[in-house]
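Report on one structure; see the data block that follows.
The values are calculated or read from the model by the stated rules, or taken from the named source; none is laboratory data. Not measured: the values here are computed from a predicted model. Ideal geometry is used to build each Cβ from the backbone, glycine not excepted, and the neighbour counts take in all protein chains shown. Accessible surface is based on the protein model in full, side chains and every heavy atom, while ligands, DNA and RNA are left aside. Shrake-Rupley method; radii C 1.70, N 1.55, O 1.52, S 1.80 Å.
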Amino acid sequence: MTVSNTSKRRQPSLAQLRAFSAVAEHLHFRDAAAAIGMSQPALSGAVAALEETLGVTLLERTTRKVLLSPAGERLAVRAKAVLEEVVALLEEAEAVRAPFTGALRLGVIPTVAPYLLPTVLLLVHDRYPDLDLQVHEEQTANLLEGLTTGRLDLLLLAVPLGVPGVVELPLFDEDFVLVTPLGHPLGGRSGIPREALRELNLLLLDEGHCLRDQALDICREAGRADAPVTTTAAGLSTLVQLVAGGLGVTLLPRTAVRVETTRSDRLLTGYFTEPAPTRRIALAMRTGAARRAEYQELAAALREALRPLPVRVLGGGDRPAPTGH
């Protein structure tokens, strides 16, 4: 049997590839080391060992910054692909061993986490006691990055996403309501026309929150050309307290109303005329995920568990995320 020269060469280790990939992403040794939980000297040594194994210079080191060499630019793409395949291999092996065991890294957006996680956690505790559920609360863009790179397994967020390679498992639709301070002419009313949003001083979340974008879309659909923003908040709790203080009004999803509006007696909730503005919440997974059947079963169980909430639970059936909004 003949052995090729390629097979005789020393093989890079996964630790070396992981170290190099982290440096290629962060272009900073300290940040890269922190990202993968490795000491900086160990990371530097792993990258140097990889360069020696491959026989090429991957990085250009200066006193102030780290740059990828031309060879490093090319090989960083390969290293990332290898690491992603290793993650897929481990996922496949874990799925084969036993369903609903091991770690499940769930990403959740901040405008969903406080209101749905109690239901999710109780369901997992009661029905899937051997599942190690790990929750990560992040904004949508970070969650999608985590899903596509393998850092996260499953997402709970608002859809549609418009991301190829991601499959959505719709859970429910929920209406938005108008939260106002005491004394506001629309406070506590039912049958509020959407057109009323054209003239209101609407308070919004910071940039990056999908709920902010949804609120702006609702305003545009109501015929509002723009929504000048003078005050924003990082979370719904702060947003509602700003409303209680008389700075304006805001839109809240129905699942957030009970939690957020009971903290102040200076708030009123108004309801829009049908059809009210809505958002859709779904689980999202990678196309071809090794644990696809588990995620579908979890979605079905969640739909049933969420029925007591003020939402319209959707039927089963997963679908690819559309390629645009």
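Here are a few things to note about the model shown:
- Carbon + sulfur, % of accessible area of the range 97-254 - ligands and nucleic acids excluded, 1.4 Å: 52
- Residues A15 and V56, FRET efficiency given R0 of 25 Å [Cβ-Cβ distance, rounded to 0.05]: 0.85
- Computed helical MRE - 222 nm, the chain, DSSP H runs ≥ 4 contributing -39500 (n - 2.57), nearest 500: -13000 deg cm²/dmol
- When the residues F29, F176 are ordered by accessible surface, computed with a 1.4 Å probe over the protein chains alone, the sequence from largest down reads F29, F176.
- Each Lys and Arg Cβ is given +1 and each Asp and Glu Cβ -1; about its Cα centre, the chain then shows a dipole of about 400 debye.
- Accessible surface, the chain, averaged per residue in Å² (probe 1.4 Å): 51
- Computed over neighbours whose Cβ is under 14 Å from that of V243, the net charge equals 0, Lys and Arg +1, Asp and Glu -1.
- Values (i) 162; (ii) 187; (iii) 118 are given for comparison; volume of the Cα convex hull per residue in Å³, derived from the coordinates here, is the one labelled (ii).
- Charge context of T140, other residues only, Cβ under 15 angstrom, K/R +1, D/E -1: -4
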